[in-house]
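A.B. asks: Shown below is the structure under consideration.
The values are calculated or read from the model by the stated rules, or taken from the named source; none is laboratory data. None of these values were measured; they are calculated from a predicted model. Positions of Cβ are generated from backbone atoms using ideal geometry, with glycine treated the same way; all protein chains shown enter the neighbour counts.
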Protein chains: 2
Amino acid sequence: MHLNAFLMSTGHHEASWRLPESNPVANTDVEHYRELARTAERGKFDSIFFADSPVLFSDVGRRPAGSLEPTVLLTAIAAATERIGLIATASTTYNDPYNLARRFASVDHVSAGRAGWNVVTTAGPDAAKNFNLADQPAHAERYDRAAEFLEVAFKLWDSWQDDATLADKESGVWGDNDKVQPIEHVGRHFQVRGPLNLPRSPQGYPLIVQAGSSEDGKGLAARYAEAVFTAQQTLEDAQAFYADLKSRAAALGRDPDGLKILPGIVPVIGSTESEAQALERELDELIKPEYARQQLARTLRVQPEDLPFDQPLPADLPDEDEIEGAKSRYTLIVTLARRENLTVRQLIGRLGGGRGHRTFTGTPDQVADAIQSWFEADAADGFNIMPPVLPSGLVTFTDQVVPILQARGLFRTEYTGTTLRDHYGLPRPAGRTASLQEATA
Amino acid sequence: MHLNAFLMSTGHHEASWRLPESNPVANTDVEHYRELARTAERGKFDSIFFADSPVLFSDVGRRPAGSLEPTVLLTAIAAATERIGLIATASTTYNDPYNLARRFASVDHVSAGRAGWNVVTTAGPDAAKNFNLADQPAHAERYDRAAEFLEVAFKLWDSWQDDATLADKESGVWGDNDKVQPIEHVGRHFQVRGPLNLPRSPQGYPLIVQAGSSEDGKGLAARYAEAVFTAQQTLEDAQAFYADLKSRAAALGRDPDGLKILPGIVPVIGSTESEAQALERELDELIKPEYARQQLARTLRVQPEDLPFDQPLPADLPDEDEIEGAKSRYTLIVTLARRENLTVRQLIGRLGGGRGHRTFTGTPDQVADAIQSWFEADAADGFNIMPPVLPSGLVTFTDQVVPILQARGLFRTEYTGTTLRDHYGLPRPAGRTASLQEATA
């Protein structure tokens, strides 16, 4: 079983910053994040992860806003940790492949092989307006660019063979020019000559992670991703997603085991069930409903006044096809509300805790049971742990849930490798090593 | 007096990697750089600095090639140091202002106010080919974009007022929306809505550094730079450059003291003068002349066979006006060769040590004398120290030259501030603080 700690300022519950224990400016406090990473490493988590988007969501009144750029933040954390993997989100829509491929290779070098890249296409018109565009490129266009972006990145990471550096002081020849070659990529979105200006990194490529669950997103994941973060509300939905994605990968000729699926879960833990429920209530009561309704309205492409608090969602919402933004998130929210016949107020409570991810509320044993049941029912290869409150929710999970999973033989008690790929049991990409293979044949 | 340590793998002498003491793969070794930074901090240097270009110069045979992306590398170094400033080079031609402004603000946050940005426009067609272009934009066009890029970055860094974060847990209001505003920039090169997705950083802006000495480069420096790195071969040239740039800044209404000028020097230090000269000879003899001639030919836009080793440069070289690349470097090399009537072989020796920067060879006292004479003759506010061999050249300078400068009262014996701006005696930009000023008036 694989565990990723999804870190976000004071926690995933949007009101977590209001708790007495929380540091409300944790979002810019590198020491806060270093401490979280050390806790996750103590719990033998595979990795930590930061979401990201190159835009400020407009309402800074509501909750901690703005965040440190993830490759910088993870590099700052790398020095304070030794083993845990470091996964940063970066957009293929609003970056250049040359710069970004080099940045991830650099993080991989300085962390001795612990870098991962969560590949996102960045939904929404607001981000586009920070990058010379009036609106975002269409959904399919963003995914087309993402696929080519990845192809360029792979070529750049392979533009140095592993044994290109000779460092022969005697003859004065530092590198083998034959083993460092331009990539001469010419495509629809990119023309990139290469080679990269950096020797191949410890992992070859960073771990490739993907988190979009739209049709386009699943297609990209099946082809390229090695780990997938996903939001699934029920065991049945999670099983269906798991089976679907594994079979898509297999249909493309990939080993389905090479694609690890990690649903997000929000563990709300108490020493008794009622203590856990009390924590959940305390948090939900701190949500300011007018703020939450504004965000829900934006996601649903309606006005806040179209969403009376004590009524269900309006019947005439757009189809997913009409949504050019975060398609899978849209569908998840609408499906959840309709399936459980939730009012807007109830829906806001459910989303405030985990933004659509599944909440497991209970004692450490109950949370471990739920995790085990999903894991053993082919719904997950592991979990993306989203503590509602940080650091306390991660400390509790690490000290009280992880030992149960370890005792049951479900989770490692010690790291057995040094790189992020080692932790996920994934191979190092071989790269362009023809001459090596010839030499050893 | 201000001192910056310009760090580059095994040193600035192109043959330094061939010395027995050198780690030939230091270019990807973060621990090598951490150790250098700690040495410079022990010497109370203002800052360390990395050059950069998003392209691999093609000949990896010649010397250590490829380098860690500087904002990542400096972040990795930040954790191992406490006071020293951290200056990264980044290109305005091949980045987007939103991403880069955020990245520098992030480095400033995680380093508690020690970030600096060396603004470059990136000469040469090879870099362009990594970014969807067949050739580089024209020189003037690159500088026009650089100026607008900086204006956008300043607006983004000021898009959050310093007191925008309220963190009022009781009322549930995290930030003041009035103090976080879009920038709505619409210009020739960029349309950027903003605001930045990060609260204002400790220094407000990173220290702005510039290093181009062409007419366009000097114009950009006079308007925006707070520190300038420059290559000057003679005291008279350095004095003329210093006077010129200070008066350009004054003509634009700036305080000339707000612009610090740091010529690059290559200190070749021995316990006796002849020991220093022997080190210089040892290094020069390790240069492979055919490699060096290839690079010289590229810079001069001629073929290697046009440059016989034992003859002076050809008479019919292009004018600086015709050079769309690194104009000031071109002129410096041609001027040096003509003034001293150097053969190609001699010129290669001079350039191999410092790539056109001034070499001071001698005992620690002689090097300190030379530094003092330039400093006191209005040729410099400080120096960009470019050790020919690393780490040994930096250790020698720190342990043997810095104490002399300190004993003469020319250089600090302890840091008096905590930020990079503090070290250079430069103010923190006030930002958009109208409401603060009103409140305290």
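A.B. asks: If A:A112 satisfies every condition in (1) touching a residue at least 24 places away in the same chain (Cβ under 8 Å); (2) within 23 Å of A:A5 (Cα to Cα); (3) within 8 Å of chain B (Cβ to nearest Cβ) but one, which is the exception?
C.D. replies: Exception for A:A112: condition (3).
Okay, residues lined up against (1) buried (at least 22 other Cβ atoms within 10 Å of the Cβ); (2) touching a residue at least 60 places away in the same chain (Cβ under 8 Å); (3) away from chain B (no Cβ under 12 Å); (4) in a loop (DSSP other than H, G, I, E, B):
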| residue | (1), (2), (3), (4) |
| --- | --- |
| A:R83 | no, yes, yes, yes |
| A:A88 | yes, no, no, no |
| A:R102 | yes, yes, no, no |
| A:N118 | yes, yes, yes, no |
| A:A134 | no, no, no, yes |
| A:A140 | no, yes, yes, no |
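A.B. asks: Another question, if that's okay. Which residue, of B:T343, B:T335, is among the hydroxyl-bearing types (S, T, Y) and either out of contact with any strand residue (DSSP E or B) (no Cβ under 8 Å at 6 or more places or on another chain) or at pLDDT below 90 (or both)?
C.D. replies: Just a single option satisfies the conditions, and that option is B:T335.
A.B. asks: May I ask you to list the residues in the stretch A:166-221 that are more than 9 Å from chain B (Cβ to nearest Cβ) and in a strand (DSSP E or B)?
C.D. replies: A:H185, A:V186, A:G204, A:L207, A:I208, A:V209, A:Q210
A.B. asks: Report, by residue number, each residue of the stretch A:50-81 that is at the interface with chain B (Cβ under 7 Å from one of its Cβ atoms), within 17 Å of the chain's Cα centre (by Cα) and assigned to a loop (DSSP other than H, G, I, E, B).
C.D. replies: Residues satisfying the conditions are A:P54, A:S67, A:L68, A:E69.
A.B. asks: Now for a separate question. Would you check if there is a residue in the stretch A:28-40 being in a helix (DSSP H, G or I), β-branched (V, I, T), within 24 Å of B:I183 (Cβ to Cβ) and within 12 Å of chain B (Cβ to nearest Cβ)?
C.D. replies: Within the stretch A:28-40, one or more residues are in a helix (DSSP H, G or I), β-branched (V, I, T), within 24 Å of B:I183 (Cβ to Cβ) and within 12 Å of chain B (Cβ to nearest Cβ).
A.B. asks: Can you tell me which residues in the stretch A:415-433 are within 20 Å of the chain's Cα centre (by Cα), in a loop (DSSP other than H, G, I, E, B) and over 25 Å from A:T165 (Cα atoms)?
C.D. replies: A:G425, A:L426
A.B. asks: Among the residues of the stretch B:63-78, how many are touching a residue at least 12 places away in the same chain (Cβ under 8 Å) and closer than 12 Å to A:V72 by Cβ?
C.D. replies: Of the stretch B:63-78, the ones touching a residue at least 12 places away in the same chain (Cβ under 8 Å) are B:63-71, B:73-78.
Next cut, closer than 12 Å to A:V72 by Cβ only: B:69-71, B:73-76, B:78.
Of the residues in that region, 8 qualify.
A.B. asks: Anything in the stretch B:281-292 that is surrounded by fewer than 21 Cβ atoms within 10 Å (Cβ to Cβ) and in contact with a helix residue (DSSP H, G or I) (Cβ under 8 Å, 6 or more places away or on another chain)? List them, or say none.
C.D. replies: Result: B:D284, B:L286, B:P289, B:E290.
A.B. asks: Within the stretch A:234-248, is even one residue of a type in the set (D, E), over 20 Å from A:H423 (Cα atoms), in contact with a Phe, Trp or Tyr (Cβ under 8 Å, 6 or more places away or on another chain) and at pLDDT below 95?
C.D. replies: No.
A.B. asks: Continuing with the same structure: How many residues does the stretch B:300-350 hold that are aliphatic (A, V, I, L, M), over 27 Å from the mean Cα position of the chain (by Cα), part of a helix (DSSP H, G or I) and closer than 18 Å to B:G124 by Cβ?
C.D. replies: Total meeting the criteria: 0.
A.B. asks: On to the next question. Determine whether the stretch A:297-307 contains at least one residue that is more than 24 Å from A:R18 (Cβ to Cβ) and hydrophobic (A, V, I, L, M, F, W, C).
C.D. replies: Yes, the conditions are met somewhere in the stretch A:297-307.
A.B. asks: What's the number of the only condition in (1) farther than 21 Å from B:M8 by Cβ; (2) modelled with pLDDT of 95 or more; (3) among the β-branched types (V, I, T); (4) touching a Phe, Trp or Tyr at 6+ places or on another chain (Cβ under 7 Å) that B:T272 fails to meet?
C.D. replies: Only one criterion in (1) farther than 21 Å from B:M8 by Cβ; (2) modelled with pLDDT of 95 or more; (3) among the β-branched types (V, I, T); (4) touching a Phe, Trp or Tyr at 6+ places or on another chain (Cβ under 7 Å) is unmet by B:T272, namely (4).
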